[in-house]
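Report on one structure; see the data block that follows.
The values are calculated or read from the model by the stated rules, or taken from the named source; none is laboratory data. The structure displayed is predicted, hence computed values, not measured ones. Cβ atoms come from the backbone with ideal geometry, glycine included; neighbour counts cover every protein chain shown. Accessible surface is based on the protein model in full, side chains and every heavy atom, while ligands, DNA and RNA are left aside. Shrake-Rupley method; radii C 1.70, N 1.55, O 1.52, S 1.80 Å.
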Amino acid sequence: MFNATSRQIHLLDALSAAALRDIAAAAATVSEVAERLAERYELDRTAVAERVAAACVEFDRLGLLERARP
């Protein structure tokens, strides 16, 4: 994934990439994204929720997310 602002390239695993695509498609909570991905890929919901939460923390740290406005 290329961040045009920082001009850095970030390598993502498949689930992190899917989470980022899902977030980019529509503003959502971490729980909503995890639920959709777990259902889509028939994965354990708890494990997916943990991985998506960790990925979002990293995305935020790297400046790849912006908070949705209420």
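Scanning the range 17-70 for residues being farther than 24 Å from residue 4 by Cβ and either in contact with a Phe, Trp or Tyr (Cβ under 7 Å, 6 or more places away or on another chain) or polar (S, T, N, Q) (or both) gives a total of 3. Is there a residue being open to solvent by less than 100 Å² (accessible area, probe 1.4 Å), over 11 Å from the mean Cα position of the chain (by Cα) and of a type in the set (A, V, I, L, M) anywhere in the range 55-68? Among the residues of the range 55-68, at least one is open to solvent by less than 100 Å² (accessible area, probe 1.4 Å), over 11 Å from the mean Cα position of the chain (by Cα) and of a type in the set (A, V, I, L, M), which makes the answer yes. The set of residues from the range 2-50 being polar (S, T, N, Q) and under 19 Å from residue 60 (Cβ atoms) comprises 3, 5, 6, 8, 16, 29, 31.
What number of residues within the range 12-42 satisfy the criterion of being outside any helix (DSSP H, G or I) and either touching a residue at least 60 places away in the same chain (Cβ under 8 Å) or open to solvent by 80 Å² or more (accessible area, probe 1.4 Å) (or both)?
Keep residues of the range 12-42 that are outside any helix (DSSP H, G or I), which gives 12-13, 26-29, 42.
Now restrict to residues that are either touching a residue at least 60 places away in the same chain (Cβ under 8 Å) or open to solvent by 80 Å² or more (accessible area, probe 1.4 Å) (or both): 27, 42.
Residues flagged as outside any helix (DSSP H, G or I) and either touching a residue at least 60 places away in the same chain (Cβ under 8 Å) or open to solvent by 80 Å² or more (accessible area, probe 1.4 Å) (or both) within the range 12-42 amount to 2.
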